[in-house]
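A short worksheet on the structure shown next.
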Amino acid sequence: MKEIILINITGPDCPGLTAAITGILARSDVNILDIGQAVIHDTLSFGILVELGDASGKADVLKDLLFKASEMDQQLKFTPVSADEYTQWVNGQGKARHIVTLLARRITAEHIARVSTITARHGLNIDHIDRLSGRIPEGLPDNQSKACIEFSVRGEPTDAEALRAEFLTIAQELNVDIAFQQDSVFRRTRRLVVFDMDSTLIDAEVIDELAKAAGVGDQVADITERAMRGELDFKASFRERVALLKGLPESTLEQIAARLQLNEGAETLISQLRRHGYKTAIVSGGFNYFAEKLQQRLGIDYVFANALPINDGIITGEVQEPIVDGQRKADLLRELAQREGISLEQTIAVGDGANDLPMLSIAGLGVAFRAKPLVKQSAKQSISNLGLDGILYLLGFRDRDGL
C-alpha cells in the first residue's frame with residue numbers, strides 16, 4: 001500500500017543537501033509529488049512531499065534520511081498525509097491566484113502584519129512570500145533605499161472592492177504602496193508600456209514652465225491643477241492655457257527642455273523594458289517637441305502628443321486638432337496594441353492625472369504614479385513611495401535580475 005509523507009528539513013544552508021536527500025529516496029520506489037525550498041539569511045527550509053511505494057522498505061528509507069540529516073547538521077520532520085488531505089490539496093490547484101506586492105523604502109513587521117491580516121480577513125491564503133528587492137546595506141538613507149515583498153495568495157476575495165479600499169487606506173496611513181493583481185498568464189506576457197509625460201516621466205508640467213516664461217505662470221498652473229484633478233474639461237482647459245502662451249519665443253522651448261528632470265527610476269525602468277523586448281510609447285496631453293526629446297534620450301518607440309503651432313519663431317497661441325485628451329489616450333492605446341498584435345491585457349499604462357484614467361482603466365495593468373487622490377482611488381494600481389522602476393516589481397522582476 002502506498003503512503004504519502006511530507007518531509008521537512010531545516011538548518012544551515014549547505015551545498016549537496018538536495019542531492020543527498022533525493023539520492024536516498026532514489027534507492028526506493030519513491031515518487032516526488034511536490035518540492036520547494038527557501039533560504040533566508042543562510043538558513044534553509046526544504047520540503048518534499050513523497051509517495052512511498054514499498055511499505056516494507058519505508059523504515060530503512062526514513063532511517064537513512066535521519067542519519068544523513070544529522071550528518072549535515074539538519075533537523076528533519078516526517079508528517080504522514082492522509083488520502084483525503086492529498087485529494088483536497090490536488091483539488092485546490094485550479095483555484096484563482098493573486099499577487100499582492102508591498103513596496104516601501106523600508107518594510108517593517110507592521111507592514112506585513114497589516115497586509116496579511118487583510119488578506120486573511122478576505123478569505124485569501126498566502127502560499128508563498130518572496131523578497132524581490134535586493135539586500136539593503138546598513139546605514140543606507142531611506143530616500144536611497146527600496147524594498148519589495150511579493151505575496152502569492154490563493155482564492156477569491158470575498159469583496160474585491162472592499163479589499164482594495166482597505167489596502168489603499170493602510171497604504172496612505174503607513175506610506176507604502178500595495179498592489180493587488182490576478183496571477184494570470186498575461187502578467188508574464190505583457191509587451192507594451194504607454195506613459196503619460198508631464199509629472200509621470202518628467203518631474204514637471206511643461207505647460208506650466210512655458211507659462212512662467214510667458215509671465216502667466218499662476219494663471220496656467222491653477223488651470224492645470226484643476227484639470228489634472230478632473231475638475232475641468234481637458235480640451236477646454238488646454239485651449240485656454242495655450243492661448244495664454246501667445247507671443248512666447250520659440251527659443252524658450254529649448255531652454256525649458258534643457259532643464260527638465262526625469263522622475264526617479266525612469267531611466268532604469270525604460271532601459272530594462274527595452275532590454276526585455278517591451279515596446280514603449282509616450283501618449284501625452286503635453287507637447288510633441290518635449291516628447292520627442294525624451295524619445296531620443298530614452299529610446300522610446302512611439303510618441304503621440306499635441307502640436308504647438310509656431311509662426312515666424314513665435315508661439316501663436318492656437319491649438320491644432322486632434323487634441324490628445326483622455327479619450328484620445330485610450331484610443332491610442334488600443335491602436336498601438338492592435339499594431340503590435342497583442343491584446344489589451346498585455347498592455348501597461350502609467351499616468352498621474354484625471355485625463356490618464358481612460359487608458360489606465362482599459363490597460364491590463366494601469367498604474368497611477370504619484371497621482372492625484374481621485375486618480376489613485378480609481379486606478380487599478382498606484383505607486384507613490386518609490387520611483388517609476390517600482391513598476392518592474394509589479395511585473396515580477398527581481399533586483400538580482402540586474403535592475
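Residue under question is N311, and the condition is that it be under 19 Å from L244 (Cβ atoms) and surrounded by 19 or more Cβ atoms within 10 Å (Cβ to Cβ); does it hold? Answer is no for this residue.
Out of the residues in segment 340-355 meeting the condition of being closer than 23 Å to N385 by Cβ and out of contact with any strand residue (DSSP E or B) (no Cβ under 6 Å at 6 or more places or on another chain), tell me which one is surrounded by the fewest Cβ atoms within 10 Å (Cβ to Cβ). Ranking the qualifying residues of segment 340-355, first place goes to A354.
When segment 211-244 is filtered for residues that are buried (at least 21 other Cβ atoms within 10 Å of the Cβ) and touching a residue at least 60 places away in the same chain (Cβ under 8 Å), the ones remaining, listed by number, are A227, M228, F234, F238, V242.
Report, by residue number, each residue of segment 315-326 that is of a type in the set (A, V, I, L, M) and either open to solvent by less than 30 Å² (accessible area, probe 1.4 Å) or under 19 Å from I300 (Cβ atoms) (or both). Answer for segment 315-326, where residues must be of a type in the set (A, V, I, L, M) and either open to solvent by less than 30 Å² (accessible area, probe 1.4 Å) or under 19 Å from I300 (Cβ atoms) (or both): I315, I323, V324.
Sort through A363, A368 and tell me the only one that's in contact (Cβ under 8 Å) with a residue 24 or more places away in the chain and crowded, with 24+ Cβ neighbours inside 10 Å. Of the residues listed, the single one that is in contact (Cβ under 8 Å) with a residue 24 or more places away in the chain and crowded, with 24+ Cβ neighbours inside 10 Å is A363.
Regarding segment 327-339, can at least one residue be identified that is in contact with a Ser or Thr (Cβ under 7 Å, 6 or more places away or on another chain), open to solvent by 40 Å² or more (accessible area, probe 1.4 Å) and at pLDDT 95 or above? Taking every residue of segment 327-339 in turn, none turns out to be in contact with a Ser or Thr (Cβ under 7 Å, 6 or more places away or on another chain), open to solvent by 40 Å² or more (accessible area, probe 1.4 Å) and at pLDDT 95 or above.
Within segment 210-263, track down each residue that is among the acidic types (D, E) and either touching a Pro at 6+ places or on another chain (Cβ under 8 Å) or over 29 Å from P358 (Cα atoms) (or both). Steps first, please.
The initial filter retains those residues of segment 210-263 that are among the acidic types (D, E), namely 218, 222, 225, 231, 233, 240, 250, 254.
Those that are among the acidic types (D, E) and either touching a Pro at 6+ places or on another chain (Cβ under 8 Å) or over 29 Å from P358 (Cα atoms) (or both): E250, E254.
Listed by first and then second residue, the pairs linking a residue in segment 255-278 that is touching a residue at least 24 places away in the same chain (Cβ under 8 Å) and of a type in the set (D, E, K, R) to a residue that is open to solvent by less than 30 Å² (accessible area, probe 1.4 Å) and not in a helix (DSSP H, G or I), with Cβ atoms under 6 Å apart and 6 or more places separating them unless they lie on different chains, are E264/G387; R274/G299.
Taking the conditions (1) under 20 Å from F151 (Cβ atoms); (2) of a type in the set (D, E, K, R); (3) open to solvent by 40 Å² or more (accessible area, probe 1.4 Å) in turn, D399 satisfies each one other than (3). Evaluate the following for S45: is it without any contact (Cβ under 8 Å) to a residue 40 or more places away in the chain and under 35 Å from the mean Cα position of the chain (by Cα)? Yes, satisfied. Given the structure, is V375 at pLDDT below 95, out of contact with any Pro (no Cβ under 8 Å at 6 or more places or on another chain) and either over 30 Å from E250 (Cα atoms) or assigned to a strand (DSSP E or B) (or both)? So V375 fits the description; yes.
In the set I149, I207, I202, only one residue is closer than 28 Å to R274 by Cα, open to solvent by less than 60 Å² (accessible area, probe 1.4 Å) and in contact (Cβ under 8 Å) with a residue 60 or more places away in the chain; that residue is I202. Checking segment 94-108 against the condition returns a match, with at least one residue being within 30 Å of A179 (Cβ to Cβ), part of a helix (DSSP H, G or I) and open to solvent by 60 Å² or more (accessible area, probe 1.4 Å).
Taking the criterion of being open to solvent by less than 20 Å² (accessible area, probe 1.4 Å) and either without any contact (Cβ under 8 Å) to a residue 40 or more places away in the chain or of a type in the set (A, V, I, L, M) (or both), the residues of segment 279-295 that qualify are A281, I282, V283, A291, L294.
Kindly establish whether D222 is out of contact with any strand residue (DSSP E or B) (no Cβ under 7 Å at 6 or more places or on another chain), modelled with pLDDT under 90 and among the acidic types (D, E). So D222 passes the test.
The values are calculated or read from the model by the stated rules, or taken from the named source; none is laboratory data. What you see is a predicted model, and the numbers here were worked out from it, not measured in a lab. FYI the Cβ positions are ideal-geometry reconstructions off the backbone, even for glycines, and counts take in every protein chain you see. Surface areas here come from the heavy atoms of the whole protein model, side chains and all, with no ligands, DNA or RNA. Shrake-Rupley method; radii C 1.70, N 1.55, O 1.52, S 1.80 Å.
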